[in-house]
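Here's the structure we're looking at; comments come further down.
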Amino acid sequence: MPLVFVLGGPNLNLLGQREPETYGRTTLADIERRCREVAARLGLGLDFRQTNCEGELVSWIQEARGRAQALVLNAAAYTHTSIAVLDALRAFDGMVVEVHLSNIFRREPFRHHSYVSLAADGVICGFGPYGYELALYAVAHRLGGDAGPQTADQR
Ligand code: CA2
């Protein structure tokens with residue numbers, strides 16, 4: 001069974017508790033539950049983690065090397081600042097899907113640039129928690145799993 005790491009960066013543990021006008025009322029535990037349901041349906045293994053520490057996020061991306069076929073990453077604020085996260089992603093051979101709950105391009109200019117995008121196969125932003133599900137569908141589709149056979153346009 002292909003393994004997907006779903007990794008989250010700083011402050012995502014506060015989801016559902018603060019700033020509901022920006023991030024909604026869904027908690028990170030809700031998102032994890034949803035991801036587990038969707039991953040099981042798609043025949044994907046899931047490792048779901050969140051950290052407030054940049055170095056830990058880098059270590060987890062390194063850990064994914066040789067273990068996971070894909071990374072679904074919401075690096076939160078490190079998206080916009082971390083060359084260390086970018087370098088770690090560049091050492092990862094599998095698929096990388098960047099996810100953001102909010103549409104970062106409708107927000108402050110400092111959120112418009114993403115280091116993660118430089119290493120991502122695709123980016124999903126602005127669809128709230130559903131973005132994580134979309135990312136898992138994209139992974140299953142690319143890996144040729146239960147979501148359907150791989151076709152030439154996905155390579
Ligand atoms: O939209 C996203 O998913 C973000 O990655 C969320 C980050 C933000 O820094 C990015 O620009 C966009 C913030 C993570 C959540 O932060 C919270 C802060 C207070 C209350 C709840 C969540």
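Here are a few things to note about the model shown:
- Using only alpha-carbon positions in the range 3-154, the gyration tensor eigenvalues give semi-axes of 22, 18, 15 Å once each is multiplied by 5 and square-rooted (largest first).
- In order along the range 41-46, the phi-based Karplus estimate (6.51 cos²θ - 1.76 cosθ + 1.60, θ = phi - 60°) of 3J(HN,Hα) comes to 5, 8, x, 10, x, 9 Hz; Gly and Pro are listed as x.
- 1.4 Å probe accessible area per residue over the chain, in Å²: 50
- The range 1-150 - percent of accessible surface contributed by carbon and sulfur, probe 1.4 Å: 49
- Degrees separating the helix 54-64 axis from the principal Cα axis of the chain, which is the longest one: 0
- The range 1-26-the range 32-106 distance, computed between alpha-carbon centres (Å): 12
- The solvent-accessible area of LEU42, taken with every protein chain present and a 1.4 Å probe, is close to 20 Å².
- Shape category assigned to the range 1-63 from the gyration tensor of Cα positions, a/c cut at 1.5: oblate
The values are calculated or read from the model by the stated rules, or taken from the named source; none is laboratory data. Just so we're clear, the structure is a prediction, and the values are computed from it rather than from any experiment. For accessibility, only protein heavy atoms count, side chains too; no ligands or nucleic acids. Shrake-Rupley method; radii C 1.70, N 1.55, O 1.52, S 1.80 Å.
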